[in-house]
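Please treat every number below as a calculation from the coordinates, not as lab data. Worth saying up front: this structure is predicted, and the values here are computed from it rather than measured. So basically every Cβ, Gly included, is an ideal-geometry build from the backbone, and we count neighbours across all protein chains shown.
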């Protein structure tokens, strides 16, 4: 018979494999796994809006939020409010330069 600790490891590894393929499945993970940084990073790396299902402390984690927003900019809506404000302010102070093709178009 499998011990509880071994069962948790198997479950974690299974969920980790699943969210790497479909980050939205974080929705169905246990609260414990929704608070697992590695699992959440894998999920938001595949589907940024999976940040919605992450534990509140990870919605306030800058690295996790940046990974989510890097995958899908709309994921910012699921970040902790204080981090949303900081990232919006940072973006307004130092906007990302336009890609070269857009610069040429903008000059025309």
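How would you rank 20, 52, going from fewest to most other Cβ atoms within 10 Å of each one's own Cβ?
Details: 20 14, 52 17.
In order of increasing Cβ crowding within 10 Å: 20, 52.
Counting other beta carbons within 10 Å of each residue's own, what order do 33, 26 fall into, fewest first? List each step's numbers first, then the result.
Details: 33 22, 26 26.
The most exposed by this proxy come first: 33, 26.
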